[in-house]
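Reviewing the structure listed below.
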There are 2 protein chains.
Amino acid sequence: MGRLKITHSSASITPALEGTKVTVGGFVKSIRDLGGIRFFVLYDMEGELQVTASKATTRPEVFTKIGSLTPESTVVVEGRVKVAEQAPGGVEIVPERIEVLSQAVVPLPLDPSGRIKSTLETRLGARVLDLRHPVRRAIFKIRHITLDAIRKFLSSNGFLEVHTPKIVATATESGAALFPVAYFEREAFLSQSPQLYKEILTGCFQKVFEIGPIFRAEEFNTPKHLNETISVDIEAAFADYEEVMQLLEKLIAAVFQEVGERAREELKIVGVKLSTPKIPFERLTYREALELLEKKGVKVPWGE
Amino acid sequence: MGRLKITHSSASITPALEGTKVTVGGFVKSIRDLGGIRFFVLYDMEGELQVTASKATTRPEVFTKIGSLTPESTVVVEGRVKVAEQAPGGVEIVPERIEVLSQAVVPLPLDPSGRIKSTLETRLGARVLDLRHPVRRAIFKIRHITLDAIRKFLSSNGFLEVHTPKIVATATESGAALFPVAYFEREAFLSQSPQLYKEILTGCFQKVFEIGPIFRAEEFNTPKHLNETISVDIEAAFADYEEVMQLLEKLIAAVFQEVGERAREELKIVGVKLSTPKIPFERLTYREALELLEKKGVKVPWGE
């Protein structure tokens, strides 16, 4: 626990703060030593900041500490904001105190910048570092914004957010394999869908949704299936399939729209261009879908 | 599935819509038959609406159908809006078509209005009806608004929403009992806290929160403990206990404030008066807390 308390995030430091004393915290990205000047880039959840120390004006203790920093170390820096056109964001921090909360060991087990590729095994073995990869960080942020957009859309369309039990007594959808749980003296299962609970709830609230984990005990052979995942699940009384399709079309368009606006930077990082789909979506009958697949060389028997 | 499509919620029908044809859906609350006039109150998630039919002007088929309605039946009503000062909300519906989607059997297993008390067993046995009790409905709405307020506060304070695995390999907090899960050929457990995952995530995102299920296999003897519950869990890097307390104080005050405003009606129904607590909260040391308990006749040994 550092004695220095963080006062600002990287993104909140602007040229308007010139001369102000601030404390920022984050991870060391890159370090350069030009002899008389040492600087490093610190990054946090919101962005990056350059910290620049000149040997002539910095306390020797602080100057030395910068020299011994390693990439990805966790540091807190107290200093003054200085306008610097060549720095990212047009500002830098002139450090007065530096606290190293955690010194990263070199060499790192993987390169969080992603320039040097790592195997999945290495990435999972050093997941903390792996999560610092710009693409991984962007994915988490896009996910946050997506869930927020879904909730906003559903709430403003009269849906109530609910949470249903995950430990259940029986299967809710036939055919799905379940994970057994030892529930004290009895056998229970992990829920593979909120289905039955949602149906009961619509008997009172009409429109409900749940965003929560579901569990499927299938032994999948593809990397596209997970045994545990977060589902977005809605249920509406008085609605036929046409109304449900219309609602979901609107939901998808609203989410694309909002994510496209709010996650502009993150989408650039992951290399995805979102274009909000037009409503109504093209509709295919089951037969048309089978025919389309067959044209592409995939033959699915009717009813499979 | 009804052929009539709902166009309005009860709350959206105002005197301004006089003469407009609308379709509403919901549950039958009360029915009165005055011979030449039959009316019933229909309620949905947002409120109540009176449906009034006069024998002289209503199609006989519709008039007869109203006569055979039972309380808590699910109906869809198409009709015209009519300003009626004596009706709740100042409007009523003059019905032209009525569709009974589900006719409730009389007598009902319990009284959803709550005037006649039921045992817990009866309530759980007819949970659909039990959920229609005004207090139960209010609780679900307050819960929705509370979660929304928590998310808004945390997101605007730089926290990222995450979801962590619920099927885990080991215990995260010593002492807590776990539910074993048969995970294919291996033994796994249900997560009793997102702790370890949150800690890893703060090594990249600094501030995260999760709202999701946690599982505790303790055999509780009180009705205040649950083996499965939804936890609101935050984790912040660079924060000491003082900063965490300050954040949580602000969170609680913000949620009280917002719920107090947005759930005014529902709080009245459950009979709760919320007054937003003042910040900072009174602080007690551990020793002071023990002394206070002892004064109230509860002796807890140091460290228990």
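The values are calculated or read from the model by the stated rules, or taken from the named source; none is laboratory data. On a predicted model such as this, the values are computed, not experimentally measured, just so you know. Cβ: placed from backbone, ideal geometry, glycine included. Neighbour counts: every protein chain shown.
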- [ ] Kindly indicate whether B:ALA182 is closer than 29 Å to A:PHE189 by Cβ, modelled with pLDDT under 95, at the interface with chain A (Cβ under 7 Å from one of its Cβ atoms) and out of contact with any helix residue (DSSP H, G or I) (no Cβ under 7 Å at 6 or more places or on another chain).
- [x] yes
Task: Single residue of A:VAL259, A:VAL168, A:VAL162, A:VAL272 found to be more than 30 Å from B:LYS29 (Cβ to Cβ), in contact (Cβ under 8 Å) with a residue 40 or more places away in the chain and not small (Gly, Ala, Ser) - done: A:VAL259
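Take the residues in the stretch A:22-36 that are surrounded by 13 or more Cβ atoms within 10 Å (Cβ to Cβ) and over 18 Å from A:THR70 (Cα atoms), then tell me which one is farthest from the other protein chains (Cβ to nearest Cβ).
Restricting to residues being surrounded by 13 or more Cβ atoms within 10 Å (Cβ to Cβ) and over 18 Å from A:THR70 (Cα atoms), the top hit is A:VAL22.
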TODO: Being farther than 21 Å from A:THR202 by Cα and among the small types (Gly, Ala, Ser) is the filter here, so list the residues in the stretch A:214-261 that pass it.
DONE: A:ALA217, A:ALA253, A:ALA254, A:GLY260
- [ ] Scan the stretch B:1-35 for residues that are closer than 18 Å to A:GLY158 by Cβ and of a type in the set (S, T, N, Q) and jot them down.
- [x] B:THR7, B:SER9, B:SER10, B:SER12, B:THR14, B:THR23
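Taking A:VAL62 as the residue in question, decide whether it is in a strand (DSSP E or B) and modelled with pLDDT of 95 or more.
Values: in a strand (DSSP E or B): no; modelled with pLDDT of 95 or more: yes.
So A:VAL62 fails the test.
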Open item on the list: Condition first: without any contact (Cβ under 8 Å) to a residue 60 or more places away in the chain and either over 17 Å from B:PHE205 (Cβ atoms) or in a strand (DSSP E or B) (or both). Now tell me which residues in the stretch A:9-24 satisfy that.
Closed with: A:ALA16, A:THR23
Task: Residue in the stretch A:62-80 that is among the hydroxyl-bearing types (Ser, Thr, Tyr) and more than 22 Å from A:VAL106 (Cα to Cα) present - done: no
TODO: Determine if the stretch B:102-123 includes at least one residue that is part of a helix (DSSP H, G or I) and either closer than 18 Å to A:GLY203 by Cα or assigned by TED's automatic domain parsing to the domain that holds B:LEU274 (or both).
DONE: yes
Task: Within the stretch B:110-127, considering residues that are in contact with an Asp or Glu (Cβ under 9 Å, 6 or more places away or on another chain) and free of Cβ contacts under 8 Å to residues at least 24 places away in the same chain, the one surrounded by the most Cβ atoms within 10 Å (Cβ to Cβ) - done: B:LEU110
Open item on the list: Here are the criteria: (1) within 12 Å of another protein chain (Cβ to nearest Cβ); (2) at pLDDT below 95; (3) buried (at least 17 other Cβ atoms within 10 Å of the Cβ). Tell me which single one B:PHE39 does not satisfy.
Closed with: (1)
Task: The lone exception for B:ARG143 - which of (1) in the same structural domain as B:GLU235 (by TED's automatic domain parsing); (2) touching a residue at least 12 places away in the same chain (Cβ under 8 Å); (3) buried (at least 18 other Cβ atoms within 10 Å of the Cβ) it fails - done: (2)
TODO: Could you tell me which of the residues A:THR64, A:THR7 is surrounded by fewer than 20 Cβ atoms within 10 Å (Cβ to Cβ), within 14 Å of chain B (Cβ to nearest Cβ) and out of contact with any Pro (no Cβ under 6 Å at 6 or more places or on another chain)?
DONE: A:THR7
Open item on the list: If I filter the stretch A:221-242 down to residues being farther than 18 Å from A:ILE211 by Cβ and exposed (fewer than 14 other Cβ atoms within 10 Å of the Cβ), which single residue comes out as nearest to the other protein chains (Cβ to nearest Cβ)?
Closed with: A:ASP240
- [ ] Take B:LEU131 and decide whether it is touching a residue at least 60 places away in the same chain (Cβ under 8 Å) and either of a type in the set (A, V, I, L, M, F, W, C) or facing another protein chain (nearest Cβ under 7 Å) (or both).
- [x] no
Open item on the list: Among the residues of the stretch B:147-162, are any within 26 Å of B:ASP240 (Cα to Cα), crowded, with 18+ Cβ neighbours inside 10 Å, in the same structural domain as B:LEU274 (by TED's automatic domain parsing) and over 28 Å from the mean Cα position of the chain (by Cα)?
Closed with: no
Open item on the list: Restricting to the stretch B:270-304, and then to whatever is of a type in the set (Asp, Glu) and exposed (fewer than 10 other Cβ atoms within 10 Å of the Cβ), can you tell me which residue is farthest from the chain's Cα centre (by Cα)?
Closed with: B:GLU304
Open item on the list: If I go through the stretch B:13-39 residue by residue, how many of them are under 23 Å from B:LEU131 (Cα atoms) and within 26 Å of the chain's Cα centre (by Cα)?
Closed with: 7
Open item on the list: Looking only at residues that are assigned to a loop (DSSP other than H, G, I, E, B) and within 11 Å of chain B (Cβ to nearest Cβ) in the stretch A:185-215, which one is surrounded by the fewest Cβ atoms within 10 Å (Cβ to Cβ)?
Closed with: A:GLU185
